[in-house]
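Heads up: the structure comes next, in structure tokens.
Please treat every number below as a calculation from the coordinates, not as lab data. From a predicted model like this one, the values you see are computed outputs, not experimental measurements. Cβ: placed from backbone, ideal geometry, glycine included. Neighbour counts: every protein chain shown.
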Amino acid sequence: MTFTLAPQLASIVRPAVMWWTGATVVAHEHRLDALLAEAEARVRMAPPAESAAVRTMYKRVGIDPTRTRPSNEALLRRVRKGDTIPRINSAVDVVNWCSLEYQLPYGLYDASNISGPVTMRLGADGESYPGIRKDEVNVGGRITVADSIGAFGNPTSDSARTMVTTATTALLVVIYAPIEIPQAQLDRLLQATGQRLALILGGSGSVSSAPAS
């Protein structure tokens, strides 16, 4: 599968992309219990600054990040209040762990439910998709990822069509990084994310660049 970045976002977003195969996803991975608790405790003791660059990325496409929060900021606010990272399944839990610590929005998708090339672009007027445990998610004018069927994800909330379940074995991981984040830093974050996925899910991944289409 290929992943491209629409020219309209080339000066706003620097996506990092990983395709993962051979994953074993379970409903609750007990090895994550202590790891997530430690990460939550670190955040409460020394909260990272909410990523100004991510908020600016939203503003550059006309979205108010306070009304429509990036997923990383929503996680940070939740943990700061004393709540825990929501446990969904082992794959989602690993990605939420990374998003909380690195303070960048992550997207996680079941690659077997993706059809054709993937493009990160701005959503068309009125474009939407059924969300995960939500009604329609509007992506008109917002940063979104789409395949030949249509949009299926954005840095706030993803689609039911490509959600990861315990039946998932192939993943697409997308970091919705602002252009200000250096490529070398993103490379390190992808490597760390891959190490965590390998530890908890097994399998292996390949990093994909996101050239402008």
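Our summary gives the chain a relative contact order of 39 percent, counting only alpha carbon pairs under 8 angstrom and 6 or more residues apart. Listed values (1) 0.93; (2) 1.18; (3) 1.08 include one computed from this model; for Rg/Rh (Cα atoms, Kirkwood Rh) that value carries the label (1).
Each label point was placed 7 Å from the Cα along the Cα-to-Cβ direction; for D83 and T66 their separation is 2.0 nm. Per-residue extension of 0.36 nm, minus the Cα-Cα distance of E136 and S204, leaves a gain of 21.2 nm for this segment.
Summing +1 for each Lys or Arg and -1 for each Asp or Glu among the other residues whose beta-carbon sits under 14 angstrom from that of T66 gives +2. In this structure, the amide hydrogen of S208, modeled 1.01 Å from its nitrogen in the peptide plane, lies closer than 5 angstrom to those of V17, M18, W19, counting only residues at least 5 positions away or on a different chain.
If you take every residue apart from T144 with its C-beta less than 12 Å away from the C-beta of T144, what net charge results, scoring Lys and Arg +1 and Asp and Glu -1?
On the way: positive: R121, R142; negative: E127, D147, D158.
Result for the neighbourhood of T144: -1.
Contour minus end-to-end for A167 and A46, with contour as 0.36 nm per residue of separation and end-to-end as the Cα-Cα distance?
Details: separation 121, 0.36 × 121 = 43.56 nm, distance 3.67 nm.
Answer, rounded to one decimal: 39.9 nm.
Given R₀ = 30 Å, what would the calculated FRET efficiency be for A124 paired with R196, taking r from the Cβ atoms and rounding to 0.05? The calculated FRET efficiency here is 0.30.
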